[in-house]
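Peer 1: This is the structure, below, for whatever I ask next.
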Amino acid sequence: PRTFADEVVGINPDDYIYITSWACKPYYEKIQLLVPDNWAWEKFYNIPLDDMMRTIDHALDNGYTILWAADVSEKGFSSKLGVGVVPQIEAEDMLDGPKPEKEITEQMRQQAFDDYSTVDDHAMHITGIARDVNGKKYYIVKNSWGTEKGFSGMYYVSEAYVRYKTICIVLHKDGVPSDVKGKLR
């Protein structure tokens, strides 16, 4: 495995940064992310929600993709339709046209994490940004479930859903905006 990683894959783990966003911890510092999948006790930079979203966009705009850990056990995440929308909206309702989504705040995210209505249950790969005919932004997400669950393994996840249900992201450090990187301690 070590030879394969070094000679074939060619990825230097030190080039990647772990980011999360929780209102209950100091921003721009490393924190312990208390989720079962963090079995290695990796520390994550905790940054404000708007900075996390801006980091995702900046990375994608500059050719970097993102590992995305999120809660996909929501009614708004549909493998049948290949979409993820804020849980208050049924994914099937999107068939009748776009619906407004609730504005997601840091406090809403924190409350959902604290009361376990947001849980860490799946990791995927954000590869790009798309917009619907009305200009609404969606993230293009590659899911490891493949075609057996329905939508060719590619999903369109709304910006509101990413703001609300993201547990953490991992990306190349060069994908982080310089002003955000400069604040990290």
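The values are calculated or read from the model by the stated rules, or taken from the named source; none is laboratory data. Since we're looking at a predicted model, the values are computed, not measured. Virtual Cβ from ideal backbone geometry, glycine too; neighbours counted across all protein chains shown. When the accessible area is computed, the model is the full protein with side chains, heavy atoms only, and any ligands, DNA or RNA have been set aside. Shrake-Rupley method; radii C 1.70, N 1.55, O 1.52, S 1.80 Å.
Peer 1: Filter 25/137; 75/102; 80/102; 43/137 down to the pairs with a C-alpha to C-alpha distance above 25 Å, please.
Peer 2: 25/137; 43/137
Peer 1: Please sort 13-26, 153-166 by packing, taking for each peptide the average over its residues of neighbouring beta carbons within 10 angstrom, highest first.
Peer 2: On the way: 13-26: 15.4, 153-166: 23.1.
Ranking, from highest mean packing down: 153-166, 13-26.
Peer 1: Expressed in nm to one decimal, what extension gain is obtained for the pair residue 178 and residue 111 from 0.36 nm per residue of sequence separation less their Cα-Cα distance? Don't jump to the answer; show the numbers that get you there.
Peer 2: Values: separation 67, 0.36 × 67 = 24.12 nm, distance 2.98 nm.
Taking 0.36 nm per residue and subtracting the Cα distance, the gain is 21.1 nm.
Peer 1: Further question: Ranked highest first by the average count of other Cβ atoms within 10 Å around their residues, in what order do 115-121, 67-73 fall?
Peer 2: 67-73, 115-121
Peer 1: Here is a further query. For region 126-143, in order, what is each residue's ³J(HN,Hα) by Karplus, 6.51 cos²θ - 1.76 cosθ + 1.60 with θ = phi - 60°, in whole Hz (x at glycine and Pro)?
Peer 2: 3J(HN,Hα) across region 126-143, in whole Hz: 7, 10, x, 10, 10, 10, 7, 5, 9, x, 5, 7, 10, 9, 8, 10, 8, 10.
Peer 1: Right, next: Given the rule -39500 (n - 2.57) for each run of at least 4 DSSP H residues, summed and divided by the residues of the chain, what is its mean residue ellipticity at 222 nm, to the nearest 500 deg cm²/dmol?
Peer 2: Roughly -5500 deg cm²/dmol at 222 nm, from the helical runs in the chain.
Peer 1: Go through region 169-185 residue by residue and turn each phi into a ³J(HN,Hα) via Karplus (6.51, -1.76, 1.60, θ = phi - 60°); whole Hz please, and just put x for glycine and proline.
Peer 2: Each residue's phi maps through the Karplus curve to give 10, 10, 8, 5, 4, 6, x, 8, x, 4, 5, 6, 4, x, 8, 5, 10 Hz.
Peer 1: With Rg/Rh (Cα atoms, Kirkwood Rh) defined as stated, name the option among (1) 0.96; (2) 1.20; (3) 1.01 computed from the structure displayed.
Peer 2: (1)
Peer 1: Of all accessible surface on the chain at a 1.4 Å probe, what whole percent is carbon and sulfur?
Peer 2: Answer for the chain: carbon and sulfur cover 52 percent of the accessible area.
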